[in-house]
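A short write-up of the structure that comes next.
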Amino acid sequence: MSNASSLGVNITEKPRPGVPQARWTDVVIGDNYAQHQTAKFSYTVSNYSVTFNWTTNDGATGGCHINYDVNRDSSSDWDYQVAKRRYNNTKEMLLNLKAGDHLFIQSAFASNTTSCEVTLKHNIGF
């Protein structure tokens, strides 16, 4: 795991093709020399919730969250199991970010507090 102060980000965002109310945000993580002057990325991991906030290279701000209801932790309901897996997987990805990682975030333009999906792409031999 890298020290966060030694990481930099480049963030771009575009509307999802065919779904203009949805956005695709690309967060490319590099060393501190790769830091774009405007881009900022932060996240908070707390009790069963992950909250993201960002500013793109162009100055646009965004955000979203992932959470699940711990009171339904033992539920066999598909939706709750998916929410739990999404939270656990995202938390593990974030806690192990390295230079060369690329986060792909799918969320809504309308609100910076809606839920989202996060995918990690990691390059070995960066």
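The values are calculated or read from the model by the stated rules, or taken from the named source; none is laboratory data. As the structure is a computational prediction, the values presented were derived from the model and not from experiment. Using ideal geometry, Cβ is built from the backbone for each residue, glycine included, and neighbour counts are taken over all protein chains shown.
Looking only at residues of region 116-126 that are within 13 Å of the chain's Cα centre (by Cα) and loosely packed, with under 14 Cβ neighbours inside 10 Å, we find that the one that is farthest from T55 (Cα to Cα) is K121. Note on region 61-99: among residues that are of a type in the set (V, I, T) and without any contact (Cβ under 8 Å) to a residue 40 or more places away in the chain, the one that is nearest to E13 (Cα to Cα) is V82.
Can you pull out the residues in region 4-34 that are of a type outside the set (D, E, K, R) and touching a helix residue (DSSP H, G or I) at 6+ places or on another chain (Cβ under 8 Å)?
Initially, region 4-34 is screened for residues of a type outside the set (D, E, K, R), giving 4-12, 15, 17-22, 24-25, 27-30, 32-34.
Passing the criteria: S5, S6, L7, G8, V9, N10, V28, N32.
If you take the residues in region 26-46 that are over 26 Å from R16 (Cα atoms), part of a strand (DSSP E or B) and over 14 Å from the mean Cα position of the chain (by Cα), which one is modelled with the lowest pLDDT? Going through the qualifying residues, I end up with D31.
Could you list, in sequence order, the residues of region 1-25 that are under 12 Å from the mean Cα position of the chain (by Cα) and surrounded by fewer than 16 Cβ atoms within 10 Å (Cβ to Cβ)?
Narrowing region 1-25 to residues under 12 Å from the mean Cα position of the chain (by Cα): 11, 24-25.
Result: W24, single match.
Of A83, A108, which residue is aliphatic (A, V, I, L, M), out of contact with any helix residue (DSSP H, G or I) (no Cβ under 9 Å at 6 or more places or on another chain), more than 30 Å from N32 (Cβ to Cβ) and crowded, with 16+ Cβ neighbours inside 10 Å? It would help to see each step written out before you state the result.
Values: A83 fails: out of contact with any helix residue (DSSP H, G or I) (no Cβ under 9 Å at 6 or more places or on another chain).
When all the criteria are applied, what remains is A108.
If I go through region 47-97 residue by residue, how many of them are of a type in the set (A, V, I, L, M, F, W, C), farther than 15 Å from T119 by Cβ and under 12 Å from the mean Cα position of the chain (by Cα)? Give the steps one after another, and end with the answer.
Step one: filter region 47-97 for residues of a type in the set (A, V, I, L, M, F, W, C), giving 50, 52, 54, 60, 64, 66, 70, 78, 82-83, 93-95, 97.
Subsequent filtering for residues that are farther than 15 Å from T119 by Cβ retains 54, 60, 70, 78, 83, 95.
Checking the rest, the ones that are also under 12 Å from the mean Cα position of the chain (by Cα) come to 54, 95.
The number of residues fulfilling the criteria is 2.
Within region 91-100, none of the residues are touching a strand residue (DSSP E or B) at 6+ places or on another chain (Cβ under 7 Å), at pLDDT below 95, small (G, A, S) and farther than 19 Å from L120 by Cα. Selection over region 1-51 of residues that are more than 30 Å from Y80 (Cβ to Cβ), in contact (Cβ under 8 Å) with a residue 24 or more places away in the chain and touching a Phe, Trp or Tyr at 6+ places or on another chain (Cβ under 6 Å) gives a count of 2.
Checking each residue in region 1-15 for being in a strand (DSSP E or B) and either modelled with pLDDT under 90 or more than 18 Å from T61 (Cβ to Cβ) (or both) picks out L7, G8. For region 66-86, the criterion of being out of contact with any strand residue (DSSP E or B) (no Cβ under 7 Å at 6 or more places or on another chain), of a type in the set (S, T, Y) and in a helix (DSSP H, G or I) is met by at least one residue.
Within region 89-105, restricting attention to residues that are of a type in the set (A, V, I, L, M, F, W, C) and surrounded by 15 or more Cβ atoms within 10 Å (Cβ to Cβ), the residue that is farthest from G62 (Cα to Cα) is A99.
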